[in-house]
Amino acid sequence: MPEKYAMAEATPKKTRNENWKVLEKVPEEDSNRQGVNTKHEHLITEIETSDGPLATALRAVYDDDELNKFVELLASRIKFHDSEIERMCNYHYQGFIDSVRELLQVSTDAAHLRGEIDATNTALQVSCEPLLRNGDGLVRYRRVQKNIASAIEQLSLCLPVLEMYSKLQEQMKTKRFYPALKTLEQLEHTYLPRVSSHWFSQTMAEAIPQLRNRIKEASMTDLKDFLENIRKHSAKIGEVAMRHAAEQNNMDPSIARKREKKRKAPAPPNPFTGERDQDSDQEGAAGTEHRFTDEEELSAQDLIDFSPVYRCLHIYTVLSDREQFETYYRKQRRKQARLSLQPPPNMHESIENYKKYFHDIVGFFVVEDHILSTTQGLVNRAYIDELWETSVSKIVSVLRTNSAQCKEGVIMLQIKMLIVLFCHTLKGYGFSVGHLLELLLELRDQYSNTLTRQWVGVFNGIFSEDNYTPIYVEEEPEYISVITQFPFVDEELQQSPFPKRFPFSEFVPNVYNQVKEYINACLKFSADLHLSHTEIDDMIRKSTNLLLTRTLSGCLTSLIKRPNLSLLQLIQISINMNYLEKSCTHLEDYISSITGAEKDSVHAARLHGISMFK
């Protein structure tokens, strides 16, 4: 078929060339006619070969006056082409018939093939129906498997987040706030970004600031509980610290120990025998002793749990609010310091009130010292020193006021021992106690005045009980007792037989012994004041001079003025004065011996009792 069409296309080309040869053979009539024919030929050729619009060619035809000739020439050309087409069709007719027959045969074969294809398709559909069903199931299962894998993948991302959140809730429930804060930081910066596409991550992210605030509030609540607890136990901490200081400075630890108000009742008697169980009483006493031993082994810091302070400090540091926490802590502790510095009501009436006062103050500063050494910056040395300087002036004022109301020398001595132990304790923690030592010197004079007032009653009692007659002794023990109490040496009296008679009455050895007791009482106050022997000796001599020249002199003056004294009694009093005058040198020796100062020191003051007795 293609070869035939190719031949058909070649044939017109050969005919066209022959036509041009025929036209060339046309006789030329004249030059105008030939030009018109040539022009028309060109126009027809252009119309035949042009694929675009024919407007230009048609305008050229109509613009020319030879339209009829052009129509004739165009008709001639059409007839020529018709004849060529007819000839070509005749030439290819047989091939066309053969092609149609072949096409019909192909149509028959195509119908047969189509039937076979339909049968094959039907059989294939029947045979593939189970496969399609299984394929659909497989696709469905594949989709489920894919969903399961995707769910597992998402759960593997979500489960750590949920576990961390559950861990956070558990830590919040058990009040482990610092680990909870760390968990919260991990949850926010590590775990939540992995599940940002899920709706619950946004909910958790919005809850994080609230959780932080809850942690801050909870830690602050714990801190408030700690401050309240430390206020309650501050006295016990101070008591333990003062007992330790007493042991380190070779002082009696019982000075700082508070007296137990509640004592265990003795065990009831056996209802059958009526006897008490001694073992239970001994066990109770042993338990009490064991408790004191355990407390002495504990340090002041072992008595209180400081973890709320550390935990709250760490939490506020992580949350960038450390300055706020420091300000709050210091403010609250200053308030507690003011409470500790307030003395108990009627503090001067009982030494236990003084102990409680000192225990509270020592406990407060022991806690602050522990906070200083175990935290960085919560409190500093400048803050504690400032707080101490403010407190010590208040302490001195309170002690000065209350000790001025004290009327008993024994209590004054106990107060002095407490102040000394108080100074030793706080000095061991690095606090300056110079003002308190100055206060002790003031209390020393006050103590002497208190003793002087007490000894007025002592001397008056001696004078009231004396019979103002010479002492008679009938046996050797009585004689030894008198010369032991009073430094009297008389060879004649010593050689004389019993009964023996001393030249003085009872009040001479009694007054002498009471003056020695006064000296010993003054010496007790000078202990642990870190004074030199000379300073102690000078202090005791001054106090003794006051006792002799004021107290004893006043009592003797009152005695002499009594209207009920007889002449013999006045003579005996005069004799007694002579022996008391001689005893002053022995008192000076006694003072030097107990103070360790040299008797002949240029700094040693003389007793004024000699001139007073004269």
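The values are calculated or read from the model by the stated rules, or taken from the named source; none is laboratory data. From a predicted model like this one, the values you see are computed outputs, not experimental measurements. All Cβ positions, glycine included, derive from the backbone under ideal geometry; neighbour counts span all protein chains shown. Note: areas computed on protein heavy atoms with side chains; ligands, DNA, RNA excluded. Shrake-Rupley method; radii C 1.70, N 1.55, O 1.52, S 1.80 Å.
Translational D (Stokes-Einstein, µm²/s) of segment 443-483 at 4 °C and 1.567 mPa s when Rh comes from the Kirkwood sum over C-alpha pairs? The estimated diffusion coefficient comes to 101 µm²/s.
Taking square-rooted eigenvalues a ≥ b ≥ c of the alpha carbon gyration tensor, is segment 42-161 rounded, prolate or oblate, where a/c under 1.5 means rounded and, failing that, a/b exceeding b/c means prolate? Judged from the Cα gyration tensor, segment 42-161 comes out oblate (a/c at least 1.5, b/c at or above a/b). Say a paramagnetic label sat at a point 7 Å from the Cα of Glu517, along Cα to Cβ; which residues of segment 549-569 have their backbone N under 15 Å from it? Inside the label zone: 552.
The relative contact order of segment 414-516, computed from alpha carbon pairs under 8 Å that lie at least 6 residues apart in sequence, is 27 percent.
Working from label points 7 Å from Cα in the Cα-to-Cβ sense, the Glu535 to Glu323 distance is 4.8 nm.
Charged neighbours of Arg338, selected by a Cβ distance under 15 Å, balance to +3 (K, R count +1; D, E count -1).
Converting phi to 3J(HN,Hα) with the Karplus coefficients 6.51, -1.76 and 1.60 and the offset θ = phi - 60°, segment 121-134 yields 5, 5, 5, 5, 4, 5, 6, 8, 4, x, 5, 5, 4, 5 Hz in sequence order, with x at every glycine or proline. Dipole magnitude for segment 36-157: about 1160 debye, using +1 per Lys or Arg Cβ and -1 per Asp or Glu Cβ, origin at the Cα centre.
The alpha carbon centroids of segment 141-184 and segment 499-535 are separated by 86 Å.
Ranked from largest, the principal axis spans of the Cα set of segment 189-245 equal 65, 18, 10 Å. Counting lysine pairs in segment 136-263 whose alpha carbons fall under 15 angstrom apart, excluding pairs fewer than 8 residues apart on the same chain, gives 10. Across the accessible surface of segment 121-271, with the other protein chains kept in place and a 1.4 Å probe, carbon and sulfur atoms take up 54 percent. Scaled to the globular estimate 2.2 N^0.38 Å, the Cα spread of segment 440-544, given as radius of gyration, is 1.37.
For a label point 7 Å from the Cα of Gln485 along Cα→C-beta, name the residues of segment 500-543 whose backbone N is under 20 Å from it. The answer is 500-521. Sequentially through segment 578-587, phi angles give Karplus couplings (6.51, -1.76, 1.60; θ = phi - 60°) of 4, 6, 5, 4, 5, 6, 4, 5, 5, 5 Hz, Gly and Pro residues having no value and appearing as x. Among the chymotrypsin sites (Phe, Trp or Tyr not before Pro) within segment 75-150, not one is in coil by DSSP while having at most 10 neighbouring Cβ atoms inside 10 Å. For segment 89-211, the square roots of the Cα gyration tensor eigenvalues, ordered a ≥ b ≥ c, give a/c of at least 1.5 with a/b greater than b/c, which places it in the prolate category. Calculated FRET efficiency, Lys232 to Asp445, Cβ-Cβ distance, R0 = 30 Å: about 0.20 to the nearest 0.05. Computed over neighbours whose Cβ is under 14 Å from that of Val511, the net charge equals -3, Lys and Arg +1, Asp and Glu -1.
For segment 195-208, backbone phi angles converted through the Karplus equation (6.51, -1.76, 1.60; θ = phi - 60°) give residue-by-residue couplings of 10, 5, 7, 8, 5, 6, 5, 5, 4, 5, 4, 5, 7, 4 Hz, Gly and Pro being listed as x. The largest-to-smallest principal axis extents of the Cα set in segment 96-159 are 83, 26, 6 Å. Hey, if you put +1 on the Cβ of every Lys and Arg and -1 on every Asp and Glu Cβ in segment 297-408, which of Val318, Leu399, Thr375 ends up farthest toward the positive end of that dipole? The residue sitting farthest along the positive end of the dipole is Leu399. Surface analysis of segment 305-382 yields an accessible area of 43 Å² per residue, using protein heavy atoms and a 1.4 Å probe. Judged by the mean number of other Cβ atoms found within 10 Å, the most tightly packed of the peptides 443-451, 316-324 leads the ranking 443-451, 316-324. Between segment 69-88 and segment 449-478, the C-alpha centres lie 184 angstrom from each other.
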